[in-house]
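I have placed the structure first, in the form of structure tokens, so that the comments after it can refer back to it.
The values are calculated or read from the model by the stated rules, or taken from the named source; none is laboratory data. Since this is a predicted model, take the numbers as computed values, not measurements. Ideal geometry is used to build each Cβ from the backbone, glycine not excepted, and the neighbour counts take in all protein chains shown.
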Amino acid sequence: MAEHPAYPVGLRLTGRRVVVLGGGQVAQRRLPALIAAGADIRLVSPEATPSVEAMADAGEIAWDRRPYAEGDLADAWYALIATSDPEANTAASAEAERHRVWCVRSDDADRATAWTPATGHSEGVTVAVLTTNARGRDPRHTAAIRDAVVEGLRDGTLVAPHHRTRTAGVALVGGGPGDPDLITVRGRRLLAEADVVIADRLGPRDLLAELPPHVEVIDAAKIPYGRFMAQEAINNALIEHAKQGKAVVRLKGGDPFVFGRGMEEAQALAEAGIPCTVVPGISSSVSVPGAAGIPVTHRGVAHEFTVVSGHVAPDDERSLVDWASLAKLTGTLVILMGVDKIGRIAETLVAHGKSPDTPVALVQEGTTAAQRRVDATLATVARTVVAQEVKPPAVIVVGEVVHVGPHGTV
């Protein structure tokens, strides 16, 4: 059997009996895929890892808490043999052969009738890599090939064109805090498939340089507004390009729905009948402090954090923030878009009871090569911003968590 290559095939196991012998690490790794395939799974094992036990407790698998016994594979379509008892594995493998049950053995692949490929997934496609024959099996090499193919499909470096008609529409993609490596896998793939990209200034600009030459890149700040407001003009541009049958990506910094006006764009697209996909992004409110060594929560220091926009001053009638209530909270306060208003914000917080000695950290250009951190207190932050020439974009963290970590004392 080892002289011939394995024949690759995809098993449709929905509702069909699958027997897993052994509840250890092998079962823990293989069970999630079998569950996802909709198989009727019976685990036979005296013991199981906590993760496998949790699957049984959740009703995802049935568990017989005993060793293998003759007859366990009689009604199976597929079997995974992974016990620590070589004799039980051999006996179960022989039973599988008699009942014509495809059988995987974790202890001896040469004696198995089936092999588990190294698999990965990318947007509805499963990539499965098998070694040609048992004699040349190298699981690490096989996994490396799998990883290279899947990563290429996900980040767009390996392009597989769609040959069926592609549905035009808009994807609102959160690009993360600035580092191009922090965009989501799905966001990066949609960028690689786009015909048009309308980008914000705070989006990960380095990703734009990787786009193919045919992709039209539009700077949202340079869209002619005319009689329209800026946001309305952007909405119209999204609709116009989508109606031309193009795949459009609206690349935004952070997350589309965290002070990103993403919902306004989604609503405009819905009213125009344009399909819209929302791809969440890593918000700068947690990622930038983290990149600077500041946890927004920490045991014994802060049990909550609040994120607010500082683009409107506390004494401005347009402000929707209850600064008086924020001053009474004991957790962490994260302020976005507040560099030029931080003086008045600090004064307001102190006026409503916050200690002037409350630590403050300003993280400018977080997660990028230009990142820098400036520390102050509520009493000193206004003059520190001026003296240190802190410029937007910067995330401001107020609270004792500023003193946690490499720069702190806790």
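Miscellaneous remarks
- Restricting attention to the range 267-285, the residues that are of a type outside the set (A, V, I, L, M) and touching an Asp or Glu at 6+ places or on another chain (Cβ under 9 Å) total 6.
Here is a yes/no grid of residues against (1) at pLDDT 95 or above; (2) out of contact with any Pro (no Cβ under 6 Å at 6 or more places or on another chain); (3) buried (at least 21 other Cβ atoms within 10 Å of the Cβ):
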residue: Arg16; (1), (2), (3): yes, yes, no
residue: Gly22; (1), (2), (3): yes, yes, yes
residue: Ala33; (1), (2), (3): no, yes, no
residue: Arg42; (1), (2), (3): yes, yes, no
residue: Ser45; (1), (2), (3): yes, yes, yes
residue: Ala58; (1), (2), (3): no, yes, no
residue: Ile61; (1), (2), (3): yes, yes, yes
residue: Ala76; (1), (2), (3): yes, yes, yes
residue: Ala92; (1), (2), (3): yes, yes, yes
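- Condition broken by Lys341, with the remaining ones in (1) part of a loop (DSSP other than H, G, I, E, B); (2) within 16 Å of Gly310 (Cβ to Cβ); (3) touching a His at 6+ places or on another chain (Cβ under 9 Å) satisfied: (1)
- Screening the candidates Arg135, Arg201, Arg154 for the property of being of a type in the set (Lys, Arg), under 26 Å from Leu238 (Cα atoms) and modelled with pLDDT under 75 yields one hit, Arg154.
- Residue list for the range 372-383, restricted to those being in a strand (DSSP E or B), in contact (Cβ under 8 Å) with a residue 12 or more places away in the chain and surrounded by fewer than 22 Cβ atoms within 10 Å (Cβ to Cβ): Arg373, Val374, Asp375, Thr377
- Of the residues contained in the range 230-245, one or more are found to be more than 18 Å from Val397 (Cα to Cα), out of contact with any strand residue (DSSP E or B) (no Cβ under 6 Å at 6 or more places or on another chain), outside the structural domain of Met337 (by TED's automatic domain parsing) and in a loop (DSSP other than H, G, I, E, B).
- Filter result for Arg344 (of a type outside the set (Val, Ile, Thr), outside the structural domain of Phe257 (by TED's automatic domain parsing) and modelled with pLDDT under 95): no
- Evaluation of Val386 against the conditions (1) without any contact (Cβ under 8 Å) to a residue 60 or more places away in the chain; (2) under 18 Å from Val307 (Cα atoms) shows that the sole unmet condition is (2).
- The one condition in (1) farther than 21 Å from Phe259 by Cα; (2) in a helix (DSSP H, G or I); (3) of a type in the set (Ser, Thr, Tyr) that Ser355 fails to fulfil: (2)
- Only one of the listed residues (Val258, Val249) is farther than 26 Å from Gln371 by Cα and either in the same structural domain as Val173 (by TED's automatic domain parsing) or at pLDDT below 90 (or both). That residue is Val249.
- Any chance Thr126 is under 26 Å from the mean Cα position of the chain (by Cα) and not in a helix (DSSP H, G or I): yes
Let's see how each residue does on (1) free of Cβ contacts under 8 Å to residues at least 12 places away in the same chain; (2) in contact with a Ser or Thr (Cβ under 6 Å, 6 or more places away or on another chain); (3) under 18 Å from Val258 (Cα atoms):
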| residue | (1), (2), (3) |
| --- | --- |
| Val334 | no, yes, yes |
| Met337 | no, yes, yes |
| Ile345 | no, no, no |
| Val350 | no, no, no |
| Ala361 | no, no, no |
| Ala370 | yes, no, no |
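- Contact annotation: residue pairs with Cβ atoms under 8 Å, 6 or more positions apart or on different chains, pairing a residue in the range 300-316 that is in a strand (DSSP E or B) with a partner that is surrounded by 15 or more Cβ atoms within 10 Å (Cβ to Cβ) and of a type in the set (D, E, K, R), are Ala302/Glu400.
- Hits in the range 89-124 - residues which are touching a Leu at 6+ places or on another chain (Cβ under 7 Å) and not charged (D, E, K, R): Ala92, Ala96, His99, Val101, Val104, Trp115, Pro117, Ser122
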